[in-house]
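Take a look at the structure below.
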Amino acid sequence: MKSNKTHTFFSRLIILFFLAVIAAWGGWFWWRYSIAPIDPTDTTPVMFVVSRDEVAKVIAADLEAKALIHSKTSFYLLVKLLGIEKDLQYGDFRLNKSMDARTIALTMTHGVLDVWVTTLEGWRDEEMATQFAKDLDIPEDQFLQYATEGYMFPDTYNIPRDATGAAVAKMFLDNFNTKVTQVMREDAKKTSLTFAQTITLASIVEREGKTATDRPVIAGILLNRIKLGMPLQVDATLQYALGYQPFEKTWWKKELTDDDKKINSLYNTYTNPGLPPGPISNPGLESIKAAIYPSNTDYLYYLHDKTGAVHYAKTVEDHNANIRKYLQ
């Protein structure tokens, strides 16, 4: 009886061993197949785009959907095993079906064809140049040679890694000309400003207005002051004139002094009436629209309190009261 039980035990052990071997062999076969090329003979280029902030699982699913890999699961496991999950880049990649999963994974850690670059509303050309030097290795002075303040439309761009400063500037200008329609250009004439002056106004509104509600009102106030021959007295134009602040490491000086308001510059809107000679930043579409379609208002003054909220006034007395209430 004991002998029969022993025999049964060893029989089951042998069966389990063979099952384990079969499972291991099956797993090995699956792994080899799943990371192998889809078609070793097909070298036709396939453009594969990885968007900003896409995680490895999403990338794996997209690769499988485009028939570039056999299995999203094996690709994700491979990326984990290689320790490159956080090294996967975003942008455009030229892949093909003759590449195995390992080659595809490693390719996506370098050699991106294009680079996604985002520039912010209200940046001046120099700030954009710094971003391009960082992301695209374009010398700052190369971009600045071709950039036109006010017309380098802030947006997210997919830029070829080997793009020149001239090519990038043209890309931004073309986007500006697309976003600012002919209808908008015609409507801009109704403000009594030239189109160039409208963009200058928009560049100021971009720096002074923080919300979609504030921008048209601020544009209306500035136009009121222009019509009355009053100086605009806009701090942002002084910040532009003062330029880079090494101590603060910013192009926009945070605290302006009374001496700053006396600087000899055409961009000093405390001493010169009307608009400055050109834009002080690159405005976004909402600020451009605010300059073209300003609010019809009786206000002549505005200020920002310490929280950034805007307070308006029709008279200098009310404005001074706002200064005492919100800034002192």
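Taken together, the values in this text are just the output of simple stated rules run on the coordinates, not laboratory data. What you see is a predicted model, and the numbers here were worked out from it, not measured in a lab. Counting neighbours? That spans all protein chains shown, and the Cβs are built from the backbone with ideal geometry, glycine included.
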Expressed in angstrom, Rg and Dmax over the Cα atoms of region 189-258 are 13.5, 43
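Only helical DSSP H runs with n ≥ 4 go in: add -39500 (n - 2.57) per run for the chain, normalise by residue count and round the 222 nm mean residue ellipticity to 500 deg cm²/dmol.
-14500 deg cm²/dmol
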When all alpha-carbon pairs of region 34-112 are counted, what percent fall beyond 16 Å? 41
To the nearest 10 degrees, the tilt of helix 72-82 (Cα long axis) against the first principal axis of the alpha carbons of the chain is 80
Too long at a 29 Å Cα-Cα cut-off: which of 254/314; 210/325; 289/325; 190/261; 210/262? 289/325; 190/261
Given labels modelled 7 Å from the Cα in the Cβ direction, how far is it in nm from residue 167 to residue 257? 4.6
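Grab the beta carbon distance between residue 32 and residue 195, set R0 = 56 Å, and tell me the FRET efficiency rounded to 0.05.
My answer for the efficiency is 0.30.
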What translational diffusion coefficient, to the nearest whole µm²/s, does region 181-297 have by Stokes-Einstein, given a Kirkwood radius computed over alpha-carbon pairs, a temperature of 37 °C and 0.692 mPa s viscosity? 228
So how much slack lies between residue 82 and residue 266, counting 0.36 nm per residue of separation and subtracting their Cα-Cα distance, in nm? 60.4 nm
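Using Cβ counts within 10 Å as a stand-in for footprinting exposure, how do 63, 300 rank, fewest first?
Ranking 63, 300 by Cβ neighbours within 10 Å, fewest first, gives 300, 63.
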Crossing angle, helix 165-179 versus the chain [Cα axis fit, 0-90 degrees, rounded to tens]: 70
For the chain, find the longest principal axis of its Cα atoms and tell me its angle to the long axis of helix 125-136, 0 to 90°, nearest 10. 10
Go through region 241-246 residue by residue and turn each phi into a ³J(HN,Hα) via Karplus (6.51, -1.76, 1.60, θ = phi - 60°); whole Hz please, and just put x for glycine and proline. 5, 6, x, 5, 10, x
Return 176, 247, 195, 132 ranked ascending by Cβ neighbour count within 10 Å, so the fewest neighbours appear first. 247, 195, 176, 132
Taking 34, 287 and counting other beta carbon atoms within 10 angstrom, the fewest-first order is 34, 287
Taking θ = phi - 60°, what integer Hz values does the Karplus form 6.51 cos²θ - 1.76 cosθ + 1.60 yield along region 195-212, in sequence order, with x for Gly and Pro? 4, 4, 5, 4, 5, 4, 4, 4, 5, 6, 4, 4, 7, 9, x, 10, 10, 5
Compactness index (Cα Rg / 2.2 N^0.38 Å), the chain: 1.54
